[in-house]
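Reading through the structure tokens given below for one structure.
The values are calculated or read from the model by the stated rules, or taken from the named source; none is laboratory data. Not measured: the values here are computed from a predicted model. Using ideal geometry, Cβ is built from the backbone for each residue, glycine included, and neighbour counts are taken over all protein chains shown. The protein model used for the area step is the full one, side chains on, heavy atoms only, and it has no ligands, DNA or RNA in it. Shrake-Rupley method; radii C 1.70, N 1.55, O 1.52, S 1.80 Å.
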Amino acid sequence: MVYASKPTRRVLPRLFKYLIAHKLLFTISTVLVVAGTIIDLLLPWISRDVINNVFIGSASNIWIYAIAILGLTVLHGTLFFLRDYLSGLMSQKISHNMRLQLYKHLQDLSYSFFDRVDVGQIINRLTSDIDTIGNFVSSSITQLLSSTLMILLVSVIIISINASMALIAISITVPFIAIISMIFAKLVRPIFERRWIEQSRLNTTVAESVSGFRIIRALGIENWAFTKFNLVNKQVYDLSMRSEKLGAQTWPFLNLVIGVSSAIVYWYGGLRFFNNEITIGDLIAFSMYLGYLVWPIMSFGFLFADYQRANVSAGRVFEALDAEPEVREKPNAIELPNIKGHVVFENVVFGYDPDKPVLKGVNLEVKPGEKVALVGTTGSGKSTLIKLLPRFYDPQKGRILMDGYDIRDVKLSSLRKQIGIVHQDIFLFPMSIRENIAYGKPDATYEEIEKVSKIARIHDFIMSLPGKYDTVIGERGVTLSGGQRQRLAIARALILNPRILILDDSTSSVDSETEKEICEALKELIKDKTVFIVTQRLSTLKLADRIVVLDDGRVVEDGSHDELIAKNGLYAKIYKSQILGSGGV
Amino acid sequence: MGWHIMHRVERATDEKPVEVPTSTLLKWFLKILAPMKFTILAIILIAMVSIGLNMVTPYLSKLIIDNGIMAMDANALAFYVILTILAIAASALLTALRRYLTAYVNQRLLFDLRRKTFQHLMETDVHYVTQRPSGRMISLVTNDIAAIGEIVTMGAIEFLVGASSIVGAIYMMLNMHLTLTLAVISTIPMMFLLTRFLAKKAREVFRETRVKVSQLTSSVEQSVSGARVAQAFTERRNIDVQSFERISRETMSTRVKAILVSSLIRPSLDSVRALSFAILIGYGGLLVASREFTIGGLLAFYGYTESFFRPIIMITMFYTTLQSALAAAERVYVFLNTEPAVKDTPYAKDLEINDGEIVVENVSFSYDSNMVFENISFKVKAGEILAIVGPTGAGKTTLANLMLRLYDPQKGRIMIDGHDLREFTLSSLHRATALVPQEPILFNDTVFENIRAGFPEASREQVENIVKSLGLEKLIESLPQGYDTIVAPGGENLSVGQRQLISFARAMLKNPRILILDEATSSLDSRTEYMLQEAMVKLLKGRTCIIIAHRLATVKLANRIIVLDNGRIVEEGSHEQLLRRGGLYAKLYETQFGVSIQPSVAVS
């Protein structure tokens, strides 16, 4: 999926801001560029003097000239070394700051952003896009300055040597080069944009193949994955080739324009020399200066390409930076005080796609300390409902109150730190078990960690590992079984000691014996907490003192186990099918 | 977003600079470039002709000055000017062609390398891949390979071209003036030493840079994958920002070091060139003043000096890019040369699985030093449905991994239809088997394509049939665009239950002889699961099936149950037998159904 919106167009003024942030470095680089360029231009001048001297047979001071050339070159080299280093430093600083800025912004973005934008795109933005921008802003802009300066100064010098010759040279070169560069820029931009998208897809495809690696291997569908990958790979290749082809058709001809104008200058200059209107030294210096135009003019071409590339990258980065989190804190949001845990869903309507609501008007009041089990068929909206509590999404209609506060009126962090949630699919971080458990409370003591691990019935297992609590978990926790991961996630939620605890089918992979133990240990801990339990398992239901049955995005039944069984509705049906499924005890 | 420990993990696995001898890498390049040898040959030919032209141009300028201008001959002047224009035009055309061909070789190489790396990835051990941050693989396929690409653009060809223009330029100069030539080229050894020194430095810093880039990519990947978890833990934010800042800062400082080295190169080489130029001006000027040499000759010498220093500088600059490319190539090379432990044996054959009888014989297995099984043996009869139950961590999933040969046991063997798994080619084994894993992984594609992934040749009709036979039409209908609904990255727009059902259909579409259900329905509500099981009764006929489950309701389908505890089989028998026995199974069963909820109420 491609995050479909037009990239921001006017990026240059914004890029300029990043440059301003490093104005000292930028100023120094600029000064170095100017000084370096002037030194550069002195060299043909010296050659001119030498040639004019030796032409008349005078070899006086010739070694002084030679040493001057050497000295000036070394000085020039030093200046350019400093310039390259400083602009490199600047580019890295800009990239680093931008990366951090984007990173922080990503933290603010809501679930829906991550539903929409794939991993590859974000990786591309945070790595290569930002590098492209950093390089462009720092080196390309000093390069632009130095090239412009060089062209201006060379023009002034050649005009002062011989105005009519300069006029000829300039009138041949400038229009041609301008036209070629402009055409190139116009054609290359859409190619860069499409290549960016394909490059991101390439990243995503690899990321996906790595996360789904086991199933790909087990099903023997390596070829399927490979075909998918290679399709994108081919796209990247085709688009790269198209931009390369464009480059091959453009740049050599810039050289041609310069070469031809230089030859014409010799012809025209030669005729002037016959009439003694120009010295041989002037003529040679003139053609040397003309040679000095080659690189700056060509660099305009490169700069155009760089600019186009940076423009695409910057558009993507700014697009992410400009993405407004859909779940946002109000400017006047208040700190949610420590709550008792009274939760009200008031006519809540929500769909990931607003046209296809998953929740179609949920009304539900949960009293402080109540334990509510949410039951319903697959896709009935149970998990979606509880995702609204920590404001991972905001409902399209209706509202949710917590101790009487609309949750949209309070600060996100004050809301979320009072809610402990154990997700349905567990994501563990590739760090030690200790760090995973203490993820939300990094300063937790060893005792606290051990306490919650014991409640989650994972302590004994952890102690059986060679590294105990310092054992590092494989990326997706693959060496842990599903049940072990769920138990770690329970411990991770418990350590926050939240007022509201949400268990989203979080013991589905735990064996029933262990589950029973967890439930018993939890009972004590959650006595005064409000708890939402999404479960498929009747055995977990016993933690709950109230059962809410969802069907097709609405609450259809609500009551105790016995009441609902007596009612003989959907709950009774679900209940029976599990009992029947068990072999009919 | 939490990956603050990323770099520690990187250290824990094997992300350290690897060293592969340059000669090995160069040989490898030659090998991967071999299929494009004719294009490369054409590029070299074109380059040689261009060099010829480039050699002529300074000489033409000498002729313009000496024979045209100085001799005051307008006709000769016009003639040489026209010749010069022709030479430059021809050279531009050839350059365009060469650029295009070089780009072709370059992009083609990138394409091939990406393809090869991905292909190799698909053959790599499950263990290898799942133990490493996935950002590492992404960085390898994208960043590292892109860095290798530069080798060819500026690379081997530029080197050859450069070397010949140096020889050509020196030859032309020698023809004009011996001692002046020797004086001018006396700086070459200095240039050579300088290049070597700088290249060595560059290699070191670039190696470090590549590791950092990979780490950065990993940490970004990790943060995006864990973004949803991190959202719930607001206290975490600052720590995550700090650790990201650290890794980003480290990347920055490594790169700044690399920049320091690479920005030294150009100025130092330019200074050496200036020395040659000073010698030319000084000594050459003296020669002209004493009429031993012409001004046109001096100008031509200037042109030739340029035309041999330019390639030398190019080669040196290339040599540093090469260091960056070599550092990247090392990583790709090492990956491509990692032999998977689990692969087709030399005696493997494409075997058909007919009966689907599975025998596990004295199997021992451990992950690193963690023993999972010791000497475990059991048998699954053809067409039998066997349930494996047991506490979490008992080794059930590992058993599934072994039976599919995703891992090899350290001791003992597993046989299907009397053949050791290692006698099967992996593709023939996986063609006849299917796994429905605990964690349903869906791809960012349509629901239809996700189901079809199990059997990519399947038609729309076959997919619809399997969905119907599993009773899942309702599920598909409930999705916004039915079969064409795009599964969001990570499957976030579907519930885990829905994902499990799709993953189930995907496995069944393969029409496997042996089916392994690893907690395949753990997130389904009991009603949906019940309906699915009804459908399964028919579908499982004639297949060998292994059901791994905690929810004993799921076990109902099985003919026989094995209870696994601590890597050993502790009980075995039918549901009734095991209940009667009153062991671990009975205990598990009771806790699940017997305690607070009175089952008898419901059944009545």
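Under 17 Å of direct C-alpha separation, and excluding same-chain neighbours fewer than eight residues apart, B:Lys538 reaches these lysines: B:Lys468, B:Lys510, B:Lys556. At the residue level, A:Trp63 shows approximately 120 square angstrom of accessible surface with a 1.4 angstrom probe and all protein chains present. Averaging the sequence gap over all C-alpha pairs within less than 8 Å and six or more residues apart, then dividing by the number of residues, gives chain B a relative contact order of 15 percent. Under 5 Å from the amide H of A:Glu370 lie the amide H atoms of A:Val531, each residue being 5 or more positions distant or on a separate chain, with H modelled from the backbone and absent for Pro and chain starts. The figure for A:Glu517 is an accessible area of roughly 70 square angstrom, using a 1.4 Å probe on the protein chains alone.
Mean Kyte-Doolittle of at least -1.0 plus a Cα span of 30 Å or more along the axis: flag which DSSP H helices in chain B meet both, please.
Working: long enough: B:37-63 (39 Å, 1.57); B:74-123 (73 Å, 0.64); B:156-176 (31 Å, 1.56); B:188-225 (54 Å, 0.04); B:237-279 (63 Å, 0.14); B:295-336 (59 Å, 0.96).
Span-like helices, by this rule, are B:37-63, B:74-123, B:156-176, B:188-225, B:237-279, B:295-336.
Summing Cβ point charges (Lys, Arg +1; Asp, Glu -1) relative to the Cα centre of chain B gives a dipole of roughly 880 debye. Pairs from the list A:Lys451/A:Lys527; A:Lys330/A:Lys382; A:Lys371/A:Lys542; A:Lys360/A:Lys529 with a Cα-Cα gap above 21 Å: A:Lys330/A:Lys382; A:Lys360/A:Lys529.
Got a number for carbon plus sulfur as a percent of the stretch B:358-596's accessible area, 1.4 Å probe?
47
Going from the chain on its own to the full set of protein chains, the stretch A:533-574 has these residues losing 50 Å² or more of accessible surface (heavy atoms, 1.4 Å probe, no ligands, DNA or RNA): A:Gln536, A:Lys542. Among the protein heavy atoms of the stretch B:157-298, carbon and sulfur supply 65% of the accessible surface, probe 1.4 Å, non-protein parts ignored.
Only lysine pairs 8 or more places apart, or on different chains, with alpha-carbon atoms under 21 angstrom apart are counted in the stretch B:19-336, and they number 10. Counting charges near A:Gly361 (Lys, Arg +1; Asp, Glu -1) among other residues having Cβ under 10 Å from its Cβ returns a value of +2. Could you point to the residue in A:Leu12, B:Met55, B:Gly542 farthest towards the positive end of the protein assembly as shown's charge dipole, with +1 and -1 charges on the Cβ of Lys/Arg and Asp/Glu respectively? Working it through, the farthest residue towards the positive pole turns out to be B:Met55.
Across the stretch A:12-322, Cα-Cα pairs farther apart than 23 Å form 68% of the total. For the protein assembly as shown, the solvent-accessible area of protein heavy atoms averages 37 Å² per residue (probe radius 1.4 Å; ligands and nucleic acids excluded).
Charge tally around B:Ala258: other residues with Cβ under 12 Å, Lys/Arg +1 each, Asp/Glu -1 each, net +4.
I'd like the carbon and sulfur percentage of the solvent accessible area for the stretch A:109-260, probe radius 1.4 Å, heavy atoms only, ligands and nucleic acids excluded. Walk me through the intermediate numbers first.
Details: 3470 of 5090 Å².
Heavy-atom surface of the stretch A:109-260 belonging to carbon and sulfur, 1.4 Å probe: 68 percent.
If R0 is taken as 60 Å, the Cβ-Cβ distance between B:Glu464 and A:Ala178 corresponds to a FRET efficiency of 0.50. A simple charge model with +1 on the Cβ of Lys and Arg, -1 on the Cβ of Asp and Glu and nothing else charged puts the dipole of the stretch B:19-336 at about 700 debye relative to its Cα centre. Summing Lys and Arg as +1 and Asp and Glu as -1 over all other residues whose Cβ lies under 10 Å from the Cβ of A:Asp403 gives a net charge of +2. For A:Lys186, the lysines whose Cα falls under 19 Å of its own Cα, not counting residues fewer than eight places away in the same chain, are A:Lys6, A:Lys245.
In this structure, the amide hydrogen of B:Thr338, modeled 1.01 Å from its nitrogen in the peptide plane, lies closer than 5 angstrom to no residue at least 5 positions away or on a different chain.
For the stretch B:343-442, the relative contact order is 40 percent, taking Cα pairs closer than 8 Å that sit 6 or more residues apart in sequence and dividing their mean separation by the residue count.
Hydrophobic, long helices, defined as DSSP H runs whose alpha-carbon span along the helix axis is 24 Å or greater and whose mean Kyte-Doolittle value is at least 1.6, occur in chain A at A:141-161. Of the residues in the stretch B:528-548, those shielded by at least 10 Å² of accessible area once partner protein chains are present, compared with the chain alone at a 1.4 Å probe, are B:Thr528, B:Tyr530.
Protein chains only, probe 1.4 Å: how do B:Glu473, B:Glu330, B:Glu339 rank by accessible area, largest first?
Numbers: B:Glu473 75, B:Glu330 0, B:Glu339 125 Å².
The ranking, largest first, comes out as B:Glu339, B:Glu473, B:Glu330.
Amide H to amide H, with H built 1.01 Å from N, B:Leu564 comes under 5 Å of B:Val389, B:Gly390, B:Val570, counting only residues 5 or more places away or on other chains. Only protein heavy atoms count here; on that basis, with a 1.4 Å probe, A:Thr148 has an accessible area of about 50 Å². With 20 Å bins beginning at zero, the pair-distance distribution over Cα atoms of the protein assembly as shown amounts to 11, 35, 28, 16, 8, 1, 0 %. Working note: Cα atoms of chain A, range along each principal axis, descending, whole Å: 119, 53, 46. Only protein heavy atoms count here, probed at 1.4 Å, and on that basis chains A and B bury about 16200 Å² of accessible area in total.
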